[in-house]
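Below is one structure, written out as structure tokens, with a few remarks after it.
What follows is calculated from the coordinates using simple rules that are stated; it is not laboratory data. Quick caveat: nothing in here was measured; it's all calculated off a predicted structure. Positions of Cβ are generated from backbone atoms using ideal geometry, with glycine treated the same way; all protein chains shown enter the neighbour counts.
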Number of protein chains: 2
Amino acid sequence: MPNRTVFFVSDGTGITAETFGNAILAQFEINLQKVRLPFTDSIDKAHQAVRQIKHAGIIDNKPPIVFTTLANEEVLKVIAQGCQGILMDMFSTFVHPLEKELGIKSNHHIGRFSDSSKSEEYQSRIAAINFSLEHDDGQSNRDLSASDVILIGVSRSGKTPTSLYLAMQYGLKASNYPLIPEDFERLDLPPALKSQQKKLFGLTIQPERLSEIRNERRPNSKYASLTNCRHEVKEAEAMMRRSGIRWLSTTTKSIEEIATTILQELRPERLTY
Amino acid sequence: MPNRTVFFVSDGTGITAETFGNAILAQFEINLQKVRLPFTDSIDKAHQAVRQIKHAGIIDNKPPIVFTTLANEEVLKVIAQGCQGILMDMFSTFVHPLEKELGIKSNHHIGRFSDSSKSEEYQSRIAAINFSLEHDDGQSNRDLSASDVILIGVSRSGKTPTSLYLAMQYGLKASNYPLIPEDFERLDLPPALKSQQKKLFGLTIQPERLSEIRNERRPNSKYASLTNCRHEVKEAEAMMRRSGIRWLSTTTKSIEEIATTILQELRPERLTY
């Protein structure tokens with residue numbers, strides 16, 4: 001049982017505070033109770049947060065760890081002075097030295113994700129998600145040339161979650177296209193992809209792992225059999241090698257690592273932040 | 001033209017460094033050139049990074065801003081001593097005080113997203129993404145009861161990107177189900193949803209915005225007409241009110257804000273970090 005509580009306090013969604021806090025906590029082998037306090041954007045809510053944090057400290061008999069990303073200094077002050085926790089304040093720690101270096105004042109803008117719905121960047125991210133969904137699994141060749149990235153590989157090699165991650169995190173129009181037995185017989189890339197060579201990136205996977213994944217979907221099928229998986233992977237890798245397509249193995253990689261590697265290799269021109 | 005460069009240096013994917021750096025930089029009205037240096041995990045690569053950062057500083061005639069999440073202290077030392085930039089080091093700033101407070105040493109574990117592909121948490125996140133895709137737009141009633149969250153609303157009210165975000169960010173099995181004219185005529189929720197009431201959350205949207213979005217897809221259709229959008233939104237809101245379903249308007253909200261609000265309201269039991 002965890003006997004220490006961690007709070008993520010933000011005046012926005014708290015997503016930055018969580019990412020930041022979890023990255024720090026990943027450096028410790030410790031099991032903690034985690035509590036999110038998003039939208040803490042008024043003095044009233046700050047006092048509520050203080051009560052909740054103090055209460056956890058009393059129950060745990062240990063001061064809670066409190067990660068904050070608060071642009072409102074009044075709210076921060078209430079929490080810093082009242083909560084009796086260990087404060088890990090992201091903003092003042094880094095914003096103040098940056099103000100000095102840049103020679104401008106911070107705007108105390110609350111919530112990196114608020115108002116963003118109106119921004120062009122946000123709209124293009126949503127458009128990218130829709131595009132990636134419509135171009136999942138070779139569903140549509142329409143507009144394929146509008147893709148920033150096209151992932152290819154055998155069924156269940158990790159193309160779909162990676163495409164969606166690229167769209168959601170980086171606003172990239174990421175299509176994906178399966179390599180199927182027909183392509184192997186033809187000994188050539190799917191015709192729709194021939195003119196898109198520069199945007200292609202291959203995903204491969206160990207046949208043993210692929211067979212496991214496919215067996216969860218279609219137990220004891222030919223599709224999932226190790227023999228068939230070995231064959232498909234061998235053919236797909238041979239084709240990618242022949243066509244000079246960059247590829248990586250997803251077997252032990254997370255979608256974050258796969259996506260980062262793809263970006264490093266392809267360096268798509270349009271990269272929104 | 002931006003005349004100052006920002007670097008995100010990490011021994012892993014750099015996703016935490018980017019999230020952290022962008023949140024800090026969002027506090028300033030300034031346009032910067034951004035460069036990612038992921039997988040900087042050896043002394044050699046650290047020296048390469050130093051060369052690149054120093055070079056940018058010379059071109060800009062201003063010291064680059066360098067956000068780092070480096071668990072490897074040797075790599076950090078090379079960069080800190082050599083790069084001649086403004087170092088914003090996330091880990092040592094917060095990890096050292098935490099070591100003291102927790103009474104344990106940090107593990108200097110590199111890359112929050114590496115090795116994660118084998119973890120149960122990661123596998124369940126991928127399973128959630130697949131589940132959400134299979135249960136997009138009411139495609140399948142199979143296993144609907146396994147959902148953690150079921151979003152309802154008229155077509156193009158924001159259900160799909162929000163479901164995928166909930167799956168990707170929080171590992172939640174988020175289904176979504178469209179409310180269609182048949183449901184309005186029947187004056188009742190789709191039958192498949194009747195037993196899932198506790199997991200339902202509604203999304204609505206201003207008819208004017210909805211009409212804009214639909215017109216991009218099917219210009220000048222009845223589907224996209226303002227009259228039809230007004231009718232559908234009115235009927236959907238009436239149905240959600242009648243059925244006691246919590247809902248919010250997505251018109252000016254980002255998927256991050258929508259997702260955070262849903263979590264606050266529904267508080268699904270299974271929340272993976």
* Structure fact -> Ignoring trypsin sites (Lys or Arg not before Pro) buried by more than 14 other Cβ within 10 Å or outside DSSP loops, the longest site-free run in chain B is B:1-104
* Asked: Label-to-label distances across copies for A:ASN31, with labels 7 Å out along Cα→Cβ, in nm, shortest first?
  -> 5.2
* At R0 = 45 Å, FRET efficiency that the Cβ-Cβ distance of B:ARG242 and A:GLU208 yields, to 0.05 -> 0.25
* So, in nm, how far is label A:LYS77 from label A:ASN61 when the simple model puts each one 7 Å beyond its Cα toward the Cβ? -> 3.6 nm
* Asked: Gaussian network model of chain B, Cα springs within a sub-10 Å range: biggest mean-square fluctuation belongs to which of B:GLY244, B:GLY103, B:GLY202?
  -> B:GLY103
* What is the calculated FRET efficiency for A:HIS108 to A:LYS222, with r their C-beta to C-beta distance and R₀ = 51 Å, to the nearest 0.05? -> 0.25
* In terms of the Cα gyration tensor, with a ≥ b ≥ c the square roots of its eigenvalues, is region B:5-102 rounded because a/c is under 1.5, prolate because a/b exceeds b/c, or oblate? -> oblate
* Please work out the FRET efficiency for the pair A:LEU187 and B:ALA127, using the Cβ-Cβ distance as r and a Förster radius of 30 Å; give the result to the nearest 0.05. => 0.30
* Compute the label-point distances linking A:LYS194 to its equivalents in the other copies; points lie 7 Å from Cα along Cα→Cβ; give nm, one decimal, shortest first. => 5.6
* Structure fact -> So, in nm and shortest first, the distances from A:ASN107 to its counterparts in the other copies, with label points 7 Å along Cα→Cβ, work out as 4.0
* To do: Quick one: divide the alpha-carbon radius of gyration of the protein assembly as shown by 2.2 N^0.38 Å and tell me what you get.
  => 1.00
* Nonlocal amide H pairs with A:TRP247, under 5 Å, H built at 1.01 Å -> A:GLY202
* To do: Just tell me how shielded A:248-260 is by partners: mean number of partner chain Cβ atoms within 10 Å of each residue's Cβ, no decimals.
  => 6
* To do: Could I get the Rg over Rh figure for chain A? Both from C-alpha atoms, Rh via Kirkwood, rounded to two places.
  => 1.10
* Alpha-carbon spread of region B:118-266, three principal axes, descending order, Å -> 51, 31, 26
* Structure fact -> For the table B:LYS173/B:LYS194; A:LYS159/A:LYS222; B:LYS34/B:LYS253; B:LYS34/B:LYS105, the rows whose alpha-carbon distance is greater than 24 Å are B:LYS34/B:LYS253; B:LYS34/B:LYS105
* **Restricting region A:174-273 to GluC sites (Glu not before Pro) in coil, as DSSP defines it, with at most 10 other Cβ within 10 Å** => A:GLU269
* **20 Å reach of a label modelled at A:VAL35, 7 Å along Cα-to-Cβ, counting backbone N of region B:222-266** => B:260-266
* Asked: Build a GNM of chain B with springs between Cα atoms under 10 Å: which of B:ALA80, B:ALA23, B:ALA46 gets the top mean-square fluctuation?
  -> B:ALA23
* Asked: Given H placed 1.01 Å from N in the peptide plane, which residues other than close sequence neighbours of A:GLY14 have an amide H under 5 Å from its amide H?
  -> A:PHE39
* Asked: Under a point spin-label approximation (7 Å from Cα along Cα-to-Cβ), what is the B:ASP137-A:ARG267 distance to one decimal in nm?
  -> 3.7 nm
